[in-house]
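Following: one structure in structure tokens, then a few remarks.
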Amino acid sequence: MNLIVLAIPLFLILILIELVIDWRKQSKTYQFNDAINSINLGMMSQVIGLIKKTLQFSIYAIVFQSFAAFQFDINSPYMWIFAFIAYDFCYYWSHRMGHEMNIFWASHVVHHQSEEYNLTTALRQTSGSFLNFIFYLPLAFIGLDPLVIVAVGSLNLIYQFWVHTKHVDKMPNWYEFMFVTPSNHRVHHAQNPVYLDKNYGGVFILWDRLFNTYHPELKEEPVIFGITKPLASWNPLWANAEFYWNLILDAVRTKSWKDKVSIWFKPTGWRPADMNEKHPYPTFDPYKQIKFDVALTLTQKYYILFQHISAIAIVVYLLLSATSMTMQTIIVISAAFLFFLLA
């Protein structure tokens, strides 16, 4: 059962509610192009994930069937509680490496490219996270059924949806101490130097407190959303490929054979010395941020909405029917989706 698909109506309802609140407060946390792009990236992630997750699930199953250290009762509520907490612990490290190592940041950067912060930002997911599943392999080694891993992973992702909003201030102190909230997750999406690489938890912020990566949201330091090297594009394919492309260029151009390999595993943002010298990146001051946008006519906006609704219909149909489809059919429908996305 795909819990993410079942949650899609709830996601859309909550986005509509936030839009109404946004309109009444005139807080302007939504930008048309940005919101459309975030949702498109989320749909693309789900479509590409059909093939990618099938392979990953197979690996979990092989590990579980061949190497599981324990046998858990899948009907036990204690097993589900343990699995939920253990998954979030693995998520913390997966997420942290997604910020601290080039090869993982190359995929995770997609989620942080938005210069706005609203519920559509939660849907802005990568299509290129090919290696992150390795962080959850210990769960299969322990003896958690792959179906359980997928289920608690879906619940983890669903929880994270609601924290992507500016309309919820601080939660009660006990909740802020234990759980990820809109306040401490806003910090995570900041490009302010004081906030960089903080608050990695998915459901529990306790991991950040334990491993010294926690930082509270400060009233005197309003969050500036986005990344330190802005994407400046609404192309969803380029959003997924841009950082990979930069790594490839540096790996090809650098004279050091050691750097050609090590660049992928170095801390995020590290570049070979000769690349910094010959091909320096422009620097951006987050406190002088100019948000990227492209002016659209009313006709263009109506067309994009029609295109967007058509793409959503295709994706929902695909996700609901995928288990009864052949791989060839999935590929054809996926191609039709990409056509609607880029046409």
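Data overview
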read-out	value
Cβ pairs under 7 Å, 6+ apart, first in segment 213-224 and farther than 14 Å from Pro193 by Cβ and modelled with pLDDT under 95, second crowded, with 17+ Cβ neighbours inside 10 Å and basic (Lys, Arg)	none
Odd one out for Thr268 among (1) within 27 Å of the chain's Cα centre (by Cα); (2) modelled with pLDDT of 90 or more; (3) polar (S, T, N, Q); (4) more than 23 Å from Thr228 (Cα to Cα)	(4)
Residue among Leu119, Leu144 that is open to solvent by less than 10 Å² (accessible area, probe 1.4 Å), more than 19 Å from Phe243 (Cβ to Cβ) and touching a Phe, Trp or Tyr at 6+ places or on another chain (Cβ under 8 Å)	Leu144
Meets criteria (polar (S, T, N, Q) and open to solvent by less than 10 Å² (accessible area, probe 1.4 Å)) for Ser154	no
In segment 163-203, residue surrounded by the most Cβ atoms within 10 Å (Cβ to Cβ) [restricted to those that are in contact with a Phe, Trp or Tyr (Cβ under 8 Å, 6 or more places away or on another chain) and assigned to a helix (DSSP H, G or I)]	His188
Index of the failed condition, Trp207 passing every other in (1) open to solvent by 10 Å² or more (accessible area, probe 1.4 Å); (2) touching a Phe, Trp or Tyr at 6+ places or on another chain (Cβ under 9 Å); (3) assigned to a loop (DSSP other than H, G, I, E, B)	(3)
Candidate set from segment 24-57 (those that are in a loop (DSSP other than H, G, I, E, B) and not small (Gly, Ala, Ser)); member that is most open to solvent (accessible area, probe 1.4 Å)	Lys28
Any chance Val150 is among the β-branched types (Val, Ile, Thr), in contact (Cβ under 8 Å) with a residue 40 or more places away in the chain and under 22 Å from Thr228 (Cα atoms)	no
Residue list for segment 126-142, restricted to those being in contact with a Cys (Cβ under 8 Å, 6 or more places away or on another chain) and either among the aliphatic types (A, V, I, L, M) or over 13 Å from Trp93 (Cβ atoms) (or both)	Leu139
Residue satisfying condition, being out of contact with any Ser or Thr (no Cβ under 7 Å at 6 or more places or on another chain), closer than 17 Å to Gln56 by Cβ and touching a residue at least 12 places away in the same chain (Cβ under 8 Å), within set Leu155, Leu206, Leu137	Leu137
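The values are calculated or read from the model by the stated rules, or taken from the named source; none is laboratory data. If you're wondering where the values come from, they're calculated on a predicted model, not measured in any experiment. With ideal geometry, Cβ positions are generated from the backbone for all residues, glycine too; neighbour counts draw on all protein chains shown. We work out accessible area using only protein heavy atoms, side chains counted, and drop any ligands, DNA or RNA first. Shrake-Rupley method; radii C 1.70, N 1.55, O 1.52, S 1.80 Å.
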